[in-house]
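Shown next, in structure tokens, is the structure this report addresses.
The values are calculated or read from the model by the stated rules, or taken from the named source; none is laboratory data. Because the structure is predicted, anything quoted here is derived from the model rather than measured. Glycine also receives a Cβ, built like all others from the backbone with ideal geometry; neighbour counts cover every protein chain displayed. Heavy atoms of the whole protein, side chains included, go into the accessibility calculation; ligands, DNA and RNA do not. Shrake-Rupley method; radii C 1.70, N 1.55, O 1.52, S 1.80 Å.
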Amino acid sequence: MNSSLFLYTLHLADNALITGHRNSEWTGHGPVLEQDIAISNIALDLIGQARNLYQYSARIFNDNISDCKRLISSPAFLAVIGDIDEDDLAYLRDTNEYYNLLLAEQTNGDWAKTILRQFFFSVYQQLLYGNLLKSKDAHLSAIAEKALKEVNYHVRWSGEWVIRLGDGTAESNRRMVEALDNLWMYSGELFLSSPYENELATEGIAADLETLKDTWLNKIQETFDKANLQIPPPGWMQQGGKTGKHTEHLGFLLAEMQFLQRAYPNSEW
Amino acid sequence: MVNYNLNNTNIPDEEAKVWQLLDEVSDPEVPILSVIDLGIVREINIQDKAVEVVITPTYSGCPAMDVITMQIKMQLLGHGYGPVTTRTILSPAWTTEWMTQAGKDKLKAYGIAPPNPKQQVCTPEYFQREESVQCPHCHSYHTTMISEFGSTACKSLYRCLDCQEPFDYFKCH
């Protein structure tokens, strides 16, 4: 149970951190100043959620070292002396010890691809956190309650952009269609439960993903109707992120994000 | 959950002193507001000179929280209290309803439109802008949103269509 809860909190935290980090890559490069600020603010919200979740993961780890330590084999992580903290979890785990969705780590591409990734992810987070409000784990429900208010803004902001671009010019529509072609195959994993999610869902701690899938699809459909976009026919879906099997993009992202702590351990500014 | 008000006379003198001291600790991003105005101090527990301050963050990623926590400690240590500890609670989640009226008045005088009462901006519907935000400069309601996200996560960017001045709106949360 403890090791499943540790993995589940890492999964939730990694989703928020990796999506937040991807968004932060836009800072200073947004198409217009206001939207540069918007995506940077969303990045900040997500990294804040990641911090709350990692602090909880660290506590679970420190209280159950024998159950949790075997789950991480990164030498840098294992070299930490004493209790671990949120930064150790973010900066010292290797790629195969990250449990985020494959969707989160996909590259930014153009504004259309970033927007669509955010929209899929935010609607997912909104349903997931909404469900976690009822979690028997009081910590998770408190984190979800706090985060949900922010996510509601993210859904509206990204959904409006999906409509603007999809129903905009021929060029903006073409780019949205291309983004959809690129990202749709990563949407199946959102509702595919990993062993730790299954175990915790039975205990009323994690969300039962199967129950969220239709609501997610309805929201996407409703938005796509206004955006002149079509949900693709059923096809091959990628999976693996939740159990540590990632696309090649995550390694590059971590190499940049973790560089400082790996090269100069414990440095602060 | 007691939403503290500095005029509350039902709390012990020792605790009231601490609340007064914390009213001098300002938000580094909106320095006109104290942490009491913001409504983020939820509880104070005192035992002799030891103080525990329970705070709740405005936003999950609010970068001001670490600074605020440190300033709360400095303020109390500087006035002879100690040890001083802070504890963060996330539930119930902070809402702009917890901002004091004094805080809202200060914000407006400072040039930032204070949050509207509950749930006006918080609709999930796309392209809904039914709420009206009053310009803190000329008091006109003839204003328009430039961006949902402004200079900080807690503010949106607006423009007054009468006096033409842009301004921040501390959004309903």
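If you average the sequence gap of Cα pairs under 8 Å that are 6 or more apart and divide by the length of chain A, what percent do you get for the contact order?
24
Going Cα to Cα from B:K106, which lysines come in below 24 Å? Please leave out same-chain ones fewer than 8 positions away.
Those lysines meeting the cut-off are B:K17, B:K118, B:K155, B:K171.
Modelled label-to-label distance, A:E25 and A:D181, 7 Å Cα→beta-carbon offset: nm?
2.1
For the pairing of chain A with chain B, what total accessible surface becomes buried, with a 1.4 angstrom probe, in square angstrom to the nearest 100?
Rounded to the nearest hundred, the buried surface is 2600 Å².
Ignoring ligands, DNA and RNA, please state the percent of accessible area on the protein assembly as shown from carbon and sulfur, probe 1.4 Å. It would help to have the intermediate numbers written out before the result.
On the way: 10210 of 19410 Å².
On the protein assembly as shown, the fraction of accessible area on carbon and sulfur atoms equals 53 percent.
Please provide three numbers in whole Å: the alpha-carbon extents of segment A:2-263 along the principal axes, with the largest listed first.
Principal axes ranked by extent give 57, 42, 33 Å for the Cα atoms.
If we count trypsin sites (Lys or Arg not before Pro) as exposed when they sit in a DSSP loop and have at most 15 other beta carbons within 10 Å, what is the longest stretch of chain A that avoids them all?
Longest stretch, sites excluded: A:1-133.
Give me the lysines in straight-line cross-link reach of A:K113: C-alpha distance below 25 Å, same-chain residues under 8 apart excluded.
By straight Cα distance, A:K113 reaches A:K149, A:K213, A:K219, A:K226, A:K242, A:K245.
Give the angle, between 0 and 90 degrees and rounded to the nearest 10, that separates the Cα long axis of helix A:111-132 from the longest principal axis of the Cα atoms of chain A.
Here the helix axis deviates by roughly 60 degrees.
Using a 7 Å offset from the Cα along the Cα-to-Cβ direction at both A:E222 and A:V32, what is the distance between the two label points in nm, to one decimal?
In this crude spin-label approximation the distance works out to 2.7 nm.
Over all alpha-carbon pairs in segment A:91-162, figure out the percentage whose distance exceeds 19 Å.
47
For segment A:161-210, report the convex hull volume of the alpha-carbon atoms normalised per residue, in Å³, without decimals.
With only Cα atoms used, segment A:161-210 gives 84 Å³ per residue.
So what is the accessible area of chain A per residue, in Å², with the probe set to 1.4 Å?
About 42 Å² of surface per residue is accessible.
If you take the beta carbon distance between B:T69 and A:D67 as r and set R0 to 30 Å, what does 1/(1 + (r/R0)^6) give as a FRET efficiency, to the nearest 0.05?
It comes to 0.45.
Would you please state the base-10 log of I(q)/I(0) at q = 0.15, 0.24 1/Å for segment A:23-69, with intensities from the Debye formula using one equal scatterer on every alpha carbon?
With one equal scatterer per Cα and no solvent, log10 I(q)/I(0) is -0.52, -0.76.
Okay, helix-only estimate at 222 nm for the protein assembly as shown: each DSSP H run of n ≥ 4 adds -39500 (n - 2.57), divide by all residues, round to 500 deg cm²/dmol; what do you get?
-16000 deg cm²/dmol
What's the longest uninterrupted piece of chain B once you rule out the trypsin sites (Lys or Arg not before Pro) that are loop residues per DSSP with at most 15 other Cβ within 10 Å?
Segment B:50-117 is the longest.
Take the Cα gyration tensor of segment B:33-151, multiply each eigenvalue by 5, square-root it, and list the three semi-axes largest first, rounded to whole angstrom. It would help to have the intermediate numbers written out before the result.
On the way: eigenvalues 224, 51, 28 Å².
So the three semi-axes of segment B:33-151 are 33, 16, 12 Å.
Residues with beta-carbon under 15 Å from that of A:L190, excluding A:L190: net charge, scoring Lys, Arg +1 and Asp, Glu -1?
-3
Run the numbers on segment A:123-158: which residues show a drop of 50 Å² or more in accessible area, chain on its own versus all protein chains together, using a 1.4 Å probe over heavy atoms?
A:E145, A:K146, A:K149, A:Y153, A:R156
Rounded, prolate or oblate: pick one for the protein assembly as shown, where a ≥ b ≥ c are the square roots of the eigenvalues of its C-alpha gyration tensor, a/c under 1.5 means rounded, and failing that, prolate if a/b is larger than b/c, else oblate.
Values: a/c = 1.87, a/b = 1.15, b/c = 1.62.
Because a/c hits 1.5 or more and a/b fails to exceed b/c, the protein assembly as shown counts as oblate.
By DSSP, what percent of the beta bridges with both residues in the protein assembly as shown are antiparallel, rounded to the nearest 5?
Details: 16 of 23 bridges.
Around 70 percent of the beta bridges assigned by DSSP in the protein assembly as shown are antiparallel ones.
In Å², and per residue, what accessible area does segment B:13-96 have when probed at 1.4 Å with the other protein chains present?
On a per-residue basis, segment B:13-96 sits at 41 Å².
Calculate the translational D of segment B:13-96 in whole µm² s⁻¹ from Stokes-Einstein, where the hydrodynamic radius comes from the Kirkwood formula applied to all Cα pairs, the temperature is 4 °C and the viscosity 1.567 mPa s.
The Stokes-Einstein estimate is 101 µm²/s.
Under 1.5 on a/c is rounded, so check that first for segment A:134-196, then, if it is not, pick prolate when a/b is larger than b/c and oblate when it is not; a ≥ b ≥ c are the square roots of the alpha carbon gyration tensor eigenvalues.
Note, shape of segment A:134-196 comes out oblate.
Under a Cβ-Cβ cut-off of 14 Å, what is the net charge of the residues other than B:S34 that fall near it, where Lys and Arg count +1 and Asp and Glu count -1?
Numbers: positive: B:K104, B:K106; negative: B:D23, B:E24, B:D27, B:E29, B:D37, B:D105.
Neighbour charge sum, excluding B:S34 itself: -4.
Specify, per residue and in Å³, the volume enclosed by the convex hull of the alpha carbon atoms belonging to segment B:111-170.
Value for segment B:111-170: 79 Å³ per residue.
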